[in-house]
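What follows is calculated from the coordinates using simple rules that are stated; it is not laboratory data. On a predicted model such as this, the values are computed, not experimentally measured, just so you know. Glycine also receives a Cβ, built like all others from the backbone with ideal geometry; neighbour counts cover every protein chain displayed.
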C-alpha cells in the first residue's frame, strides 16, 4: 500500500509562481484552472517580455500576466508550453496572496 501511495505522490508535481500582486495571482489561478473540457482556458502563449507573460485565451482575447520577476515569467512560459503540448496536465490551481500554486500530473 505504501508503495502505491509513493507512486501517486511521485506523479504529482506542484509548481509555485510569484506574481506581481494578489490580483495577478488570482488571474493566473483562474486562467490555469480546469474548464468543463478538463483543459485550461489558455489557448496559446504570444510572448514573454521581461516579467510579463502574454497569453491568448480560448475566446481569442489576449491577456498579460505580471510575474514578480523574469525568472518566474520564464518558468511559467515553460510550464504553459508543456501543458499546451500535452506533456503535462493541470489538475488544479489556487492562489494565496501573490503566490499561485499549480498542481500537475504527468
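So what are the chain's ellipsoid semi-axes, whole angstrom, largest first, if each one is the square root of 5 times an eigenvalue of the alpha-carbon gyration tensor?
Each semi-axis is √(5λ); the values are 24, 16, 12 Å.
Principal-axis analysis of the Cα atoms of the chain puts helix 2-11 at an angle of about 20° to the longest axis.
To the nearest ten degrees, helix 70-84 and the longest principal axis of the Cα atoms of the chain are 60 degrees apart.
In whole Å, how far is the Cα centre of segment 71-102 from that of segment 40-65? About 12 Å separates the Cα centre of segment 71-102 from the one of segment 40-65.
Entry note, the chain: the mean residue ellipticity at 222 nm calculated from DSSP H runs of n ≥ 4, each adding -39500 (n - 2.57), is -10500 deg cm²/dmol after division by the residues and rounding to the nearest 500. Rounding to the nearest 10 and keeping the result within 0 to 90°, find how far the Cα-based axis of helix 22-32 lies from the longest principal axis of the chain. Value to nearest ten degrees: 60. In terms of packing, defined here as the mean over residues of other Cβ atoms within 10 angstrom, the peptides 45-54, 29-38 line up highest first as 45-54, 29-38. Our summary gives the chain a relative contact order of 36 percent, counting only alpha carbon pairs under 8 angstrom and 6 or more residues apart.
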